[in-house]
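The values are calculated or read from the model by the stated rules, or taken from the named source; none is laboratory data. Only a predicted model underlies this, so the values are computations on that prediction, with no experimental measurement involved. Here the Cβ is made from the backbone with ideal geometry for all residues, glycine too, and neighbour counts use every protein chain on show. Please note that ligands, DNA and RNA were not included when accessible areas were found on the heavy atoms of the full protein model with its side chains. Shrake-Rupley method; radii C 1.70, N 1.55, O 1.52, S 1.80 Å.
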Amino acid sequence: MQRPLKRLALRAVFLGVIPLVLMSVIGAFLLRDGQLADGRSTLAVGVIIAVVSASSVIYQVDRWSLMRQSLTHLVLMLVTVLPALLLSGWFPVDTVGGVLLVVAVFALVGLTLWSSLFLIMRFVERRQVGRPQ
């Protein structure tokens, strides 16, 4: 079944805006109260949750290949989640080694999650093929 792109775009906005607004409000209150590390961390979490949630609809664009979906998702993660990780304060990024560590963690977690979900969805699809409808 083809899903209209406009509907997917609206769903992406809905999925992303809610966590971004909630976490931004909490982060702003923490920053205002002088809790800089917690406020920064909360804002980073808000960005990460919002982008990951909103970008999940990429995999519902039926006319795109898995390669195109995956590359689009990767680019979105590179321009949003990776900078959020670098600015979050969770990692020391005052050296090249620190930045490389963040990039390595980002790549390892991303590859692990993508591979796991790929295998799970492949298993689910194979089970559904054998079911009578």
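Considering only the stretch 54-79, state which residues are farther than 21 Å from S115 by Cβ and not charged (D, E, K, R).
A54, V79
Can you go through L117, L111, L82, L87 and tell me which one is farther than 12 Å from S55 by Cβ, under 14 Å from the mean Cα position of the chain (by Cα) and modelled with pLDDT under 95?
After ruling out the rest, the residue left standing is L117.
Restricting to the stretch 1-53, what's the tally of residues that are under 17 Å from the mean Cα position of the chain (by Cα), over 24 Å from L117 (Cβ atoms) and surrounded by 14 or more Cβ atoms within 10 Å (Cβ to Cβ)?
Here the count works out to 5.
Can you tell me which of V75, V57 is among the aliphatic types (A, V, I, L, M) and without any contact (Cβ under 8 Å) to a residue 40 or more places away in the chain?
V75
For the stretch 57-82, enumerate the residues that are touching a helix residue (DSSP H, G or I) at 6+ places or on another chain (Cβ under 7 Å), open to solvent by 30 Å² or more (accessible area, probe 1.4 Å) and within 19 Å of L108 (Cα to Cα).
Within the stretch 57-82, T72, H73, L76, T80 meet the criteria.
Could you count how many residues in the stretch 83-97 are within 15 Å of G46 (Cα to Cα) and either surrounded by fewer than 17 Cβ atoms within 10 Å (Cβ to Cβ) or without any contact (Cβ under 8 Å) to a residue 12 or more places away in the chain (or both)?
Counting residues in the stretch 83-97 that are within 15 Å of G46 (Cα to Cα) and either surrounded by fewer than 17 Cβ atoms within 10 Å (Cβ to Cβ) or without any contact (Cβ under 8 Å) to a residue 12 or more places away in the chain (or both) gives 4.
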